Amino acid sequence: MSIKHGLLALLREEPKYGYQLRGEFEEATGAIWPLNIGQVYTTLTRLERDGLVRAAAEPVADDGRSRYEITDAGRAELAVWFETPVTRESRPRDELAIKLALALAAPGVDVSAVVQRQRAATMQSLQELTRLKRGDREGEISWLLVLESMIFAAEAEIRWLDHCEAMLLRHRGRPAKPPEQYAEPAADPAEANR
Amino acid sequence: MSAILDIRGLTRTHGAGEQAVHALRDVSLAVAPGELVAVMGPSGSGKSTLLTCAGGLDQPTSGEILVDGNDIATLGRSAVAALRRRRIGYVFQDFNLIPALTAAENVALPLELDGTRTRAARKYAEAALQEVGIDELADRFPEDMSGGQRQRVAIARAIVGERRLLLADEPTGALDSETGEAVLRLLRDRCDQHGIAGVLVTHDARHAAWADRVLYLRDGVLVGQAGPLPAADSLLQESR
């Protein structure tokens with residue numbers, strides 16, 4: 001998650017204090033990603049070092065801190081951020097996918113039960129997210145967007161688990177064999193020359 | 001509070017001997033007033049059979065199905081029909097509205113079949129249409145309505161009068177996601193505000209998540225459950 005760009009976006013309209021940025025960030029995202037004030041100031045310091053924000057001349061708060069304002073370079077950086085699609089990071093350590101793969105490889109593990117337990121747990125979080133949505137009919141649109149993103153992610157995981165279950169049923173009884181392209185090079189030369 | 005729907009050891013077998021197909025095996029489920037329960041499972045897992053048995057449209061091979069305390073497996077045919085007309089509402093994926101009748105006439109139909117006079121039935125129908133937010137469409141025919149509006153008419157028909165049990169089989173299957181969600185919100189509100197017990201069959205996790213409990217059927221057997229949820233305030237704490 002880019003705190004850096006989030007803060008730049010909040011500074012687009014007018015200069016703001018660090019505590020103000022923290023509050024507005026959480027308000028927009030429904031406090032799904034809480035920021036501590038330390039993170040805010042660390043990020044602001046880095047942004048200032050890179051010339052993307054600067055301390056505004058006036059006014060200075062009681063604690064001696066000043067407001068931050070976005071620079072032209074900061075505006076350019078922000079524009080690029082909004083114009084560039086977010087790449088879908090490959091998740092090299094998706095714990096759930098690894099767990100299922102290893103459950104299949106390990107003798108004596110009931111993979112269907114692993115799938116079912118996970119599905120029930122993910123469904124429960126989906127129910128909780130839905131309840132948040134239900135209780136918030138007139139909610140901030142920005143917060144609802146964030147909530148929907150989490151709902152879609154949970155839904156996708158459940159559909160994937162349904163799919164896994166159907167695949168497991170179809171493959172039941174077949175010997176476990178990795179797909180050709182991922183197979184370890186065969187040690188036996190006769191195998192390798194096949 | 002005692003359950004409105006109480007299913008005990010329900011088994012439904014089609015055919016006999018070697019050819020016997022076990023649609024449901026020893027399924028038990030109780031749904032309390034105000035509770036919405038979702039049933040999920042792959043095609044052929046027995047979801048719809050469970051719903052048709054619960055609604056008295058199909059007879060169990062063994063087990064008990066109590067609706068408001070009446071065992072529909074032992075009631076006579078006409079008593080089951082009366083129970084269906086008075087206490088049980090159905091919502092289907094394809095709405096099942098009668099094209100030649102207006103919205104209000106469709107909603108009033110089960111009451112009229114049960115002997116309510118036309119004028120009184122019309123009043124109940126208008127009230128039900130108002131509850132689902134489309135009272136202004138009372139005199140419209142189904143073909144002049146959108147899918148979402150038709151499903152609202154179907155829900156109004158399912159809740160008209162004094163129904164206690166609402167059975168919905170893929171009610172959002174023919175609707176886009178926004179309209180589907182509005183339908184779920186409506187079903188949820190019916191349960192919350194009017195103490196109706198609801199059973200929702202769906203293959204859609206997003207819609208099942210509106211329920212208090214989500215049950216999984218596989219090959220006619222209940223294999224798991226998600227929920228019930230913890231209290232609302234503890235949940236807010238966790239999400240932060």
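All of the numbers you see were taken from the coordinates with simple rules; none came from a lab. Quick caveat: nothing in here was measured; it's all calculated off a predicted structure. Here the Cβ positions follow ideal geometry from the backbone for every residue, glycine too, while neighbour counts run over all protein chains shown.
Some points to look at:
- By the beta-carbon count within 10 Å of each Cβ, the least crowded to most crowded order of A:LYS16, A:LYS99, fewest first, is A:LYS99, A:LYS16.
- Beyond 31 Å in Cα-Cα separation lie the following of the pairs A:LYS4/A:LYS133; B:LYS47/B:LYS123; A:LYS99/B:LYS47: B:LYS47/B:LYS123.
- Region B:9-119: translational diffusion in µm²/s, Stokes-Einstein, Kirkwood Rh over Cα pairs, 20 °C, 1.002 mPa s: 134
- Global size of region A:3-83 as Cα Rg and Dmax, reported in angstrom: 12.0, 38
- Largest-first ellipsoid semi-axes for chain B, taking √(5λ) over the Cα gyration tensor eigenvalues, angstrom: 28, 23, 17
- Relative packing of peptides B:111-121, A:158-168 - highest average C-beta neighbours within 10 Å first: A:158-168, B:111-121
- Think of the protein assembly as shown as a dipole: +1 on every Lys or Arg Cβ, -1 on every Asp or Glu Cβ, centred on the Cα centre; then among B:VAL91, B:ASN70, B:TYR216, B:ASN70 lies furthest on the positive end.
- Among B:ASP192, B:ASP144, B:ASP219, the residue with the largest mean-square fluctuation in a Gaussian network model of chain B, with springs joining Cα atoms closer than 10 Å, is B:ASP144.
- Among the GluC sites (Glu not before Pro) in region B:136-191, those placed in a DSSP loop whose Cβ has at most 13 other Cβ atoms within 10 Å are B:GLU162.
- The value given for the protein assembly as shown is a Kirkwood hydrodynamic radius of 25.7 Å, derived from the mean inverse Cα-Cα separation.
- As a rough footprinting exposure proxy, the listed residues B:PHE95, A:PHE82 were ranked by other beta carbons within 10 Å of their own, and the order from fewest upward is A:PHE82, B:PHE95.
- Proximity of backbone amide H atoms, modeled 1.01 Å from N, is registered between B:ARG213 and B:LEU36, B:ALA38 at under 5 Å, excluding neighbours fewer than 5 places apart on the same chain.
- For region A:95-176, the fraction of C-alpha pairs farther apart than 22 angstrom is 38 percent.
- Environment charge of B:GLY224, counting only residues whose C-beta is closer than 10 Å and scoring Lys/Arg +1, Asp/Glu -1: +3
- Positive contributions from Lys and Arg (+1) and negative ones from Asp and Glu (-1), summed over other residues with Cβ under 9 Å from the Cβ of A:LEU8, come out at +2.
- Charge context of A:ASP50, other residues only, Cβ under 10 angstrom, K/R +1, D/E -1: +1
- Sequence-distant residues sharing a close amide H with B:ALA30 (under 5 Å, placed H): B:ILE7
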